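Enquirer: Input: one structure, supplied below.
The values are calculated or read from the model by the stated rules, or taken from the named source; none is laboratory data. In this text, all values refer to a predicted model and were calculated from it rather than measured experimentally. Cβ atoms come from the backbone with ideal geometry, glycine included; neighbour counts cover every protein chain shown.
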Amino acid sequence: MSIDTEKLQSLSFEAALQHLERIVEKLSNAEADLDELLQMYEDGIAYLNHCQSRLADAEAKIKVLSNQLPGAKSTEENNG
């Protein structure tokens with residue numbers, strides 16, 4: 001299973017996470033040969049990176065929107 005990069009980029013966070021969960025399950029119950037395991041691991045990394053990117057985008061958007069609230073302090077001031 002080699003991942004189509006264009007298709008991966010169009011996946012929602014939830015869909016990518018589901019794919020990642022299935023890969024983790026298959027890896028933990030692995031009865032595949034080494035090459036298949038390596039391919040699954042590589043695909044899992046791609047899904048993980050996609051999920052992390054989507055989360056980072058969401059976090060950035062939340063920061064921007066939060067800073068637009070009347071009287072809002074920057075999120076760094078609130079956390080620090």
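Enquirer: Anything in the range 45-66 that is surrounded by 14 or more Cβ atoms within 10 Å (Cβ to Cβ) and of a type in the set (Gly, Ala, Ser)? List them, or say none.
Expert: First, pick out the residues of the range 45-66 that are surrounded by 14 or more Cβ atoms within 10 Å (Cβ to Cβ): 46-48, 50-51, 54.
Hit for the range 45-66 is Ala46, nothing else.
Enquirer: With the structure loaded, tell me whether Tyr47 is at pLDDT 90 or above and in contact with a His (Cβ under 8 Å, 6 or more places away or on another chain) or whether it fails that test. It would help to see each step written out before you state the result.
Expert: Working: at pLDDT 90 or above: yes; in contact with a His (Cβ under 8 Å, 6 or more places away or on another chain): yes.
In short, yes.
Enquirer: Output the number of residues of the range 37-57 satisfying the condition of being within 12 Å of Ser12 (Cα to Cα) and in contact with a helix residue (DSSP H, G or I) (Cβ under 8 Å, 6 or more places away or on another chain).
Expert: So the count comes out to 5.
Enquirer: Also, I was wondering about something else. Which residue is surrounded by the fewest Cβ atoms within 10 Å (Cβ to Cβ), if the candidates are limited to the range 1-44 and must be among the polar types (S, T, N, Q) and part of a helix (DSSP H, G or I)? So that I can check it myself, show each step before the final result.
Expert: Narrowing the range 1-44 to residues among the polar types (S, T, N, Q): 2, 5, 9-10, 12, 18, 28-29, 39.
Next cut, part of a helix (DSSP H, G or I) only: 5, 9-10, 18, 28, 39.
Numbers: Thr5: 10, Gln9: 11, Ser10: 10, Gln18: 13, Ser28: 7, Gln39: 15.
Result: Ser28.
Enquirer: Residues that are under 12 Å from Ile3 (Cβ atoms), modelled with pLDDT of 95 or more and under 14 Å from the mean Cα position of the chain (by Cα): does the range 50-59 have at least one? If you could, list the steps in order and put the result at the bottom.
Expert: Here is the first cut: in the range 50-59, the residues under 12 Å from Ile3 (Cβ atoms) are 50.
Restricting the remaining residues to those that are modelled with pLDDT of 95 or more gives 50.
Then keep just the ones that are under 14 Å from the mean Cα position of the chain (by Cα); that gives 50.
Checked the range 50-59: at least one residue is under 12 Å from Ile3 (Cβ atoms), modelled with pLDDT of 95 or more and under 14 Å from the mean Cα position of the chain (by Cα).
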